[in-house]
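Participant: Structure incoming, see below.
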């Protein structure tokens with residue numbers, strides 16, 4: 001779903017970033033992706049899903065892909081392809097396929113819940129599709145988020161529930 005007023009060149013041009021394996025790179029990537037997506041007019045739910053997928057995938061690479069703390073580069077490519085936002089992350093860290101990680105059990109009670117460990121589960125749920133491959137010494141994770149276009153002139157509102165007078 002692409003704004004028809006955009007030129008063919010802008011429709012086809014992906015966003016390409018080289019990021020450092022530092023946590024502050026996540027915010028840099030997030031802002032760049034939001035700027036890139038703005039002309040495509042995705043609805044708030046699509047933006048949320050894209051941000052979630054991006055942040056969780058990058059956090060995993062930055063936190064776990066490298067045993068040492070030397071500076072490394074992560075390649076990020078984002079493009080709008082048909083009705084999807086496609087996010088591709090490449091790194092030269094240790095081989096890791098997040099799609100093979102078993103889903104954590106759902107706690108029966110709040111007492112059994114443990115903070116953390118849900119990033120991959122959330123990423124899987126927010127993405128319409130996901131693929132991983134090891135290409136040479138690189139991890140390549142490709143995630144697609146369904147792109148829902150907001151028609152021009154529409155305003156997103158939240159319905160308020162009436163307050164009880166009791």
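Participant: Only one residue in 4, 14 is at pLDDT below 95 and surrounded by fewer than 18 Cβ atoms within 10 Å (Cβ to Cβ), so which one is that? Break it down into steps so the answer makes sense when it comes.
Facilitator: Values: 14 fails: at pLDDT below 95.
The unique qualifying residue is 4.
Participant: Select, from 45, 29, 57, 49, the only residue that is within 12 Å of the chain's Cα centre (by Cα), in contact (Cβ under 8 Å) with a residue 40 or more places away in the chain and over 26 Å from residue 94 (Cα atoms).
Facilitator: Details: 45 fails: within 12 Å of the chain's Cα centre (by Cα); 29 fails: over 26 Å from residue 94 (Cα atoms); 57 fails: over 26 Å from residue 94 (Cα atoms).
The unique qualifying residue is 49.
Participant: Here is a follow-up. Those residues that are over 25 Å from residue 47 (Cα atoms) and crowded, with 16+ Cβ neighbours inside 10 Å, I need them from segment 93-104; list them, please. So that I can check it myself, show each step before the final result.
Facilitator: Of segment 93-104, the ones over 25 Å from residue 47 (Cα atoms) are 93-96, 100-102, 104.
Listed by number, the residues that qualify are 93, 96.
Participant: Whether any residue in segment 61-74 is in contact with a strand residue (DSSP E or B) (Cβ under 6 Å, 6 or more places away or on another chain) and closer than 22 Å to residue 146 by Cα is what I want to check.
Facilitator: No, segment 61-74 contains no residue that is in contact with a strand residue (DSSP E or B) (Cβ under 6 Å, 6 or more places away or on another chain) and closer than 22 Å to residue 146 by Cα.
Participant: Then there is this: Kindly indicate the residue of segment 105-128 that is modelled with pLDDT of 80 or more and in contact with a helix residue (DSSP H, G or I) (Cβ under 8 Å, 6 or more places away or on another chain) and also surrounded by the fewest Cβ atoms within 10 Å (Cβ to Cβ) among those meeting that condition.
Facilitator: So the residue we want is 122.
The values are calculated or read from the model by the stated rules, or taken from the named source; none is laboratory data. Keep in mind that what you see is a predicted model, and the values were worked out from it rather than measured. Glycine also receives a Cβ, built like all others from the backbone with ideal geometry; neighbour counts cover every protein chain displayed.
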